[in-house]
Every structure is written in C-alpha cells, then in structure tokens.
Amino acid sequence: MSTPQKTEIINDLTQKFRSSSGIYFTRYTGRNVAKITELRRKFRENEVSYLVSKNTLTKIAAHNAG
C-alpha cells in the first residue's frame, strides 16, 4: 500500500472517529463465516458502519482525532 493510500485511509478514519457517537473494536478471528455474515447483516439493518483496517493506521487516526 502506497503512502498516499495510507494517508487517505488515515484521514477517512480520523473523520469517522470525530463524527461518531461510539466506536467498537472487535476481533474477528475465530468466528465462522455464518456469524460474521449475521453480524454484518445486523449492522446494515441498523445503519452501522463496519470496516477492517490495519492496527497502525487506526492508532494514528485515533491519535489525530483526539
């Protein structure tokens, strides 16, 4: 991943952190496809944004967001 892509991801995550009323970090390892699919379906029904990002980029964005 190139630096401009990383910068864009950090900026997007920073904006999401600043505008969100709550943020939940999850570990998806060890879950089967059916459980992840069900989780994503429930998120869509409730208009919850769900994304996977690199830990390092998430930490930088959280720091930038304050």
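The values are calculated or read from the model by the stated rules, or taken from the named source; none is laboratory data. Note that the structure is predicted; figures quoted are calculated from it, not measured. Glycine also receives a Cβ, built like all others from the backbone with ideal geometry; neighbour counts cover every protein chain displayed. The area values use the complete protein model at the heavy-atom level, side chains included, leaving out ligands, DNA and RNA. Shrake-Rupley method; radii C 1.70, N 1.55, O 1.52, S 1.80 Å.
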query: Quick check, is GLU38 part of a helix (DSSP H, G or I) and either within 15 Å of the chain's Cα centre (by Cα) or among the basic types (Lys, Arg) (or both)?
result: no
task: Name the residue, out of THR14, THR26, that is at pLDDT below 90 and either exposed (fewer than 11 other Cβ atoms within 10 Å of the Cβ) or within 11 Å of the chain's Cα centre (by Cα) (or both).
output: THR26
message: If a residue must be farther than 19 Å from ASN55 by Cα and touching a Gly at 6+ places or on another chain (Cβ under 9 Å), how many such residues does the range 1-43 contain?
response: 0
task: Only residues that are of a type in the set (A, V, I, L, M, F, W, C), surrounded by 11 or more Cβ atoms within 10 Å (Cβ to Cβ) and within 11 Å of the chain's Cα centre (by Cα): list them for the range 52-61, please.
output: LEU57, ALA61
Output for the range 36-51, where each listed residue is open to solvent by 90 Å² or more (accessible area, probe 1.4 Å) and either under 26 Å from GLU8 (Cβ atoms) or modelled with pLDDT under 90 (or both): ARG40, ARG44, GLU47
In the range 1-10, residue nearest to ALA65 (Cα to Cα) [restricted to those that are free of Cβ contacts under 8 Å to residues at least 12 places away in the same chain and open to solvent by 70 Å² or more (accessible area, probe 1.4 Å)]: GLU8
